[in-house]
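Here's the structure, in structure tokens; my notes come after.
Where a number appears in this text, it was derived from the coordinates with a stated rule and is not lab data. Because the structure is a prediction, the values reported are computed rather than measured. Here Cβ is always computed from backbone atoms with ideal geometry, including for glycine, and neighbour counts include all displayed protein chains.
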Amino acid sequence: MLQVCWVLPYCEREFNSKPLKYFSHLFGHESDSSLLGYLKDQGLAMSLSSNAEHEIRQFSQLSLDIVLTQHGYEQVHDVVAAVFKYA
């Protein structure tokens, strides 16, 4: 499994726009045109989950857990590049 994590400024106060919920949904979407769809098409990943948290009123965190295929482990740099291009 590959975990990608962003530590962000504390944003729980932004309860009206919910930016972390928005980005968590965007990354976790499973359509054909999503990040997971792309990684599956390339034979790099089997599943992806996204999680957003607010920690100790100091920072927020957005994380992705990606279950890689054997090919994905061999091409982990391509997986990371795809994640950051998608972002």
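So how tilted is helix 19-28 from the main axis of the chain? Cα-based, degrees 0 to 90, rounded to 10. With both axes taken from Cα atoms, the answer is about 10 degrees. For ASP78, neighbours were defined as the other residues whose beta-carbon sits under 15 Å from its Cβ, and their charges (Lys and Arg +1, Asp and Glu -1) total 0. With an a/c value of 1.5 or above and a/b larger than b/c for the gyration tensor axes a ≥ b ≥ c computed over the alpha-carbon atoms, the chain is described as prolate. Along Cα→Cβ, 7 Å out, is where each label goes; now give me the distance between the ones at PHE84 and ARG13 in nm to one decimal. Between PHE84 and ARG13, the simple spin-label model gives 3.0 nm.
Inter-label distance, TYR38 to HIS71: 1.6 nm, where each label sits 7 Å from its Cα along the C-beta direction. Relative contact order for the chain: 36 percent, from Cα pairs under 8 Å spaced at least 6 residues apart, divided by residue count. Under the classification rounded if a/c is under 1.5, otherwise prolate if a/b is larger than b/c and oblate if not, where does the stretch 13-54 fall, given a ≥ b ≥ c as square roots of the Cα gyration tensor eigenvalues? Prolate shape, in that a/c is at least 1.5 and a/b is the bigger ratio. Given axes a ≥ b ≥ c from the Cα gyration tensor, I'd like to know whether the stretch 43-87 is rounded (a/c under 1.5), prolate (a/b larger than b/c) or oblate. Judged from the Cα gyration tensor, the stretch 43-87 comes out prolate (a/c at least 1.5, a/b above b/c).
Quick check: residue separation of HIS25 and GLN3 times 0.36 nm, minus the Cα distance between them. What number comes out in nm? Spell out each step's value before the answer.
Values: separation 22, 0.36 × 22 = 7.92 nm, distance 1.65 nm.
Value of the extension gain: 6.3 nm.
Rounded to the nearest 10 degrees, the angle from helix 76-86 to the longest Cα principal axis of the chain is 50 degrees.
From least to most packed, judged by other beta carbons within 10 angstrom and beginning with the fewest, PHE59, PHE84, PHE23 follow the order PHE84, PHE59, PHE23.
Using a Gaussian network model of the chain in which every pair of alpha carbons under 10 angstrom is joined by a spring, one finds that among GLU74, GLU53, GLU30 the greatest mean-square fluctuation is at GLU74.
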